[in-house]
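Colleague: Below you will find the structure I want to go over with you.
The values are calculated or read from the model by the stated rules, or taken from the named source; none is laboratory data. Predicted, not measured: the structure shown is a model, and the values here were computed from it. Glycine also receives a Cβ, built like all others from the backbone with ideal geometry; neighbour counts cover every protein chain displayed. These accessible areas exclude ligands, DNA and RNA; they are computed on the full protein's heavy atoms, side chains included. Shrake-Rupley method; radii C 1.70, N 1.55, O 1.52, S 1.80 Å.
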Amino acid sequence: MDTKPKMRLGDRLVHEGLLTEEELQEALALQNSDDLKLGEAIAQLGFMTEKQISDCVADQPQQVRIGDLMVQQKLITNEQLSQVLDEQKRGGKRIGEAVVQLGFLSEEVFLQFMSRWLEVPLVNLRNFQENEEVIQRIPESIARRFNVLALAEGDDAILVGMTDPTDLFAQDELGRILDKNIKPALISATDLERNLDRYYRKQGEIVGYAEELSDEVGRTTNDLDQMMQTEMLVDAPVVKILNSIFTDAIRVKASDIHIQPGEDTLRIRKRIDGVLYEQVIKEHQIAPALISKIKLMAGLEISEKRLPQDGRFNMKIDNKNIDVRVSTMPIQNGESVVMRLLDHSKGIMSLSEVGLSQVIVDQFTKLLSRPHGMLLVVGPTGSGKTSTLYAAINRLNTPSKNIITIEDPVEFKLPRINQVQIKTKIGLDFTTVLRAILRQDPDIILVGEMRDHETASIAIRAALTGHLILSTLHTNDAVSTAIRLLEMKLPGYAVASSLLGILSQRLVRRICLDCREEKMPDEPQQQWLEAMTRGEPADEIILWAGKGCPNCNNTGYNGRIAVAELLEVNGDLARALRKEDVTAIPEIARTVPTFRPLHLAALDYARQGVTTLEEVIRLSSQEEDEEAGKPVKNKESLQEVPGEETEAVV
């Protein structure tokens, strides 16, 4: 059976005598001028009715019922086909979507069946090495409209991946745009949807708009502050380049954007999974225009370039509500701007979604159910403390509880919870607010950070008088946090009586599941493993790594997960705190049955194939550096971007 589409729609209509060549050319001209589909143009000119066009498209060999063919090939039963058709009618889905959703066939098996039936190649986007230049031949709007992707180009044809190769309207439109014959290939709709944002990154647009903006700057006055307020520049390339920068950052799931002017270049850097990736733009003279526009959007003083400033603004990108926190810093070549991106469309994660192991989630949830006491979530900047605290508060948020938070800044707005934004310029600091909160009849209080002795002292007194206190400290691990509280001159008896537990956490990168493979540790890694596992043969430990693929930008990693240790305070540990015996605390902590140190918790993830041994060793090395009092990369000792839970400039 010849089932593969042979002609574009216009050629087919002419071939079958339903349309003359002159009428086709007239319809093509209208299609180009009014941006219509060819079928719409033909119907609008009155050459054929829409029904005639639809009947012509439907009257083809490949329109044999797919369901019947699947039954004939014993892929599904007649009973299953009936369920598929009912689901298709009920949900308005295509038959392929319905059969996969009901679990009768995997998407891979269905695609293989369709590829054989349509006699078109099946392309796996997970392994396909895409050509960016070829991909860009199809405009993004068209790619999203027809669910297609340009894969490869020859002299007289272009290979186009399509989720529906039988769509003649799409093939006709693509042929018009590309001015080449279209060779359809079948691709997974799931893979295409997951990767379109990556395929259509805005880095090329950023460079193009930078050149355009550079030309504008060169033709206007040198007073950039005045220039930025003219409608010509605000509404033209500067807005376009910023839109491209933000869109690209959101699509690659960047947490921060850095704009750093140099002497003869402008660096735009994005932090993805904790690592900075850099794009260098030679048009360095556009930096003042970009930074001035950002300062205007954030409500900052654009003429003040000598002092750091903080601000924020909201924007909508790809139908996502993004909160942008802005920090400016005067540097040698102008001003550096760092922007933290918060995607409010994701909502508040649960404790499991944060990445905590189920054992930690169960222990932590048990402590959260206590009516009073203090729970601390600790770790360096950028370790996900705020996400964990929000997950905890969201779990406790019921009509029977009065919850008040003190934050700097307020990152997410939560229903039913009174959230207080710190404003140090007017004296509204943590201590002042905490004193006032105690007169507001709270059940649960979240203190964004215990920065000094006075705040910590009030928080402990509140915990002792019937309130549940959640807070953070910038400490390295759970054991050192207990000692740190005593070093803050807090009474040992008060700490022992109020402190319920300490959760210390870090973020490690996840292995990309699309390119994950087993990996044997090298000799130094084997020695490290045997030392950590106390003699367990390293060659018996199965480890994993990502070899790199298009879906992870060839890094081998995709996303991050929290690694945590939880130290419950009771028994011997509480007695050591009460006696303020700092030398005994570490030894006692090691004997707590439920306590598993960070590096061993990370090693568990490595054995499960969640992260790599390199990430575990990196985390362990950081702990050793911190214990030795050395400065640690990505910590508070370096320049920070706005807010508590931010990554630092590397």
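Colleague: Roughly what would the spin-label model give for residue 582 and residue 542, points 7 Å off Cα along C-beta, in nm?
Modeller: Going from the residue 582 label point to the residue 542 one covers 4.6 nm.
Colleague: Which of rounded, prolate or oblate describes region 363-427 when judged by the alpha-carbon gyration tensor and an a/c cut-off of 1.5?
Modeller: oblate
Colleague: Where does the chain land at 222 nm, in deg cm²/dmol rounded to the nearest 500, when only DSSP H runs of n ≥ 4 count, each adding -39500 (n - 2.57), divided by all residues?
Modeller: Calculated from helices alone, the mean residue ellipticity at 222 nm is -12500 deg cm²/dmol.
Colleague: Given (1) 51; (2) 25; (3) 34 as candidate values of percent of Cα pairs over 46 Å apart, which corresponds to the one derived from the coordinates?
Modeller: (3)
Colleague: How far apart, in nanometres, would the label points at residue 179 and residue 426 be if each is projected 7 angstrom from Cα along the Cα-to-Cβ direction?
Modeller: 6.2
Colleague: Provide the packing ranking of 317-327, 502-512, i.e. peptides ordered by the mean count of other C-beta atoms within 10 Å per residue, highest first.
Modeller: Most protected by this proxy first, the peptides run 502-512, 317-327.
Colleague: How long is the gain from residue 395 to residue 358 if the chain were fully straight, where each residue apart is worth 0.36 nm and the alpha carbon distance is subtracted?
Modeller: Details: separation 37, 0.36 × 37 = 13.32 nm, distance 1.54 nm.
The span from residue 395 to residue 358 would gain 11.8 nm if fully extended.
Colleague: Among the DSSP beta bridges whose two residues both lie in region 386-487, what percent are antiparallel, rounded to the nearest 5? Mind dumping the intermediate values first?
Modeller: Numbers: 1 of 13 bridges.
The antiparallel fraction comes to roughly 10 percent.
Colleague: While we're on this one: Suppose the chain between residue 52 and residue 14 were pulled fully straight at 0.36 nm per residue; how much longer would it get relative to their current alpha carbon spacing?
Modeller: 12.3 nm
Colleague: Then there is this: Need the full-extension length gain, residue 416 to residue 119, defined as separation in residues times 0.36 nm minus the C-alpha distance. One decimal, nm.
Modeller: Extra length available between residue 416 and residue 119 comes to 101.1 nm.
Colleague: Can I ask one more? So what does residue 329 come to for accessible area, using a 1.4 Å probe and Å² rounded to 10?
Modeller: 70
Colleague: Is the C-alpha gyration tensor of region 481-613 telling us rounded, prolate or oblate? Criteria: a/c under 1.5 is rounded; beyond that, a/b larger than b/c is prolate, otherwise oblate.
Modeller: prolate
Colleague: Mind running the shape call on region 379-512? Use the C-alpha gyration tensor, a ≥ b ≥ c as the square roots of the eigenvalues: rounded below 1.5 for a/c, prolate if a/b tops b/c, oblate otherwise.
Modeller: Taking the square roots of the gyration eigenvalues as a ≥ b ≥ c, region 379-512 is rounded.
Colleague: Rg and Dmax of region 272-422, using alpha carbons, in Å: what are they?
Modeller: Both quantities, over Cα of region 272-422: 19.2, 59 Å.
Colleague: On a 0 to 90 degree scale, rounded to 10, what angle separates helix 385-396 from the longest Cα axis of the chain?
Modeller: 90
Colleague: Sticking with this structure for a sec: What distance in nm separates the simple spin-label points at residue 488 and residue 304, each placed 7 Å from Cα in the Cβ direction?
Modeller: For the pair residue 488/residue 304, the computed spacing is 3.0 nm.
Colleague: Still on this structure, I have one more. Among DSSP beta bridges whose residues both lie in the chain, state the antiparallel percentage, nearest 5. Don't skip to the end; give the middle numbers.
Modeller: Values: 57 of 87 bridges.
Within the chain, antiparallel bridges account for around 65 percent of the total.
Colleague: To check you understand DSSP bridge types, tell me what percent of the beta bridges within region 46-197 (both residues inside) are antiparallel, rounded to 5.
Modeller: 40
Colleague: Something else about it: Please compare each pair in 240/293; 270/423; 282/316; 519/547 to a cut-off of 18 Å on the Cα-Cα distance and tell me which ones are over it.
Modeller: Details: 240/293 12 Å; 270/423 29 Å; 282/316 29 Å; 519/547 10 Å.
Table pairs above 18 Å Cα-Cα are 270/423; 282/316.
Colleague: Any idea of residue 15's accessible area? Nearest 10 Å², probe 1.4 Å.
Modeller: Ignoring ligands and nucleic acids, residue 15 comes out at about 130 Å².
Colleague: By per-residue mean of other Cβ atoms within 10 Å, what is the highest-first order of 107-114, 404-411, 293-300?
Modeller: Sorting 107-114, 404-411, 293-300 by mean packing, highest first, produces 404-411, 293-300, 107-114.
Colleague: Right, another one. Please state, as a whole number in µm²/s, the translational diffusion coefficient that the Stokes-Einstein equation yields for region 15-99 at 25 °C and 0.890 mPa s, with Rh defined as the Kirkwood radius across alpha carbon pairs. Mind showing how you got there, number by number?
Modeller: Numbers: Rh = 15.6 Å.
Translational diffusion coefficient: 158 µm²/s.
Colleague: Can you tell me the FRET efficiency between residue 190 and residue 402 if r is taken as the Cβ-Cβ distance and R0 is 41 Å, rounded to the nearest 0.05?
Modeller: E(calc), rounded to 0.05, equals 0.35.
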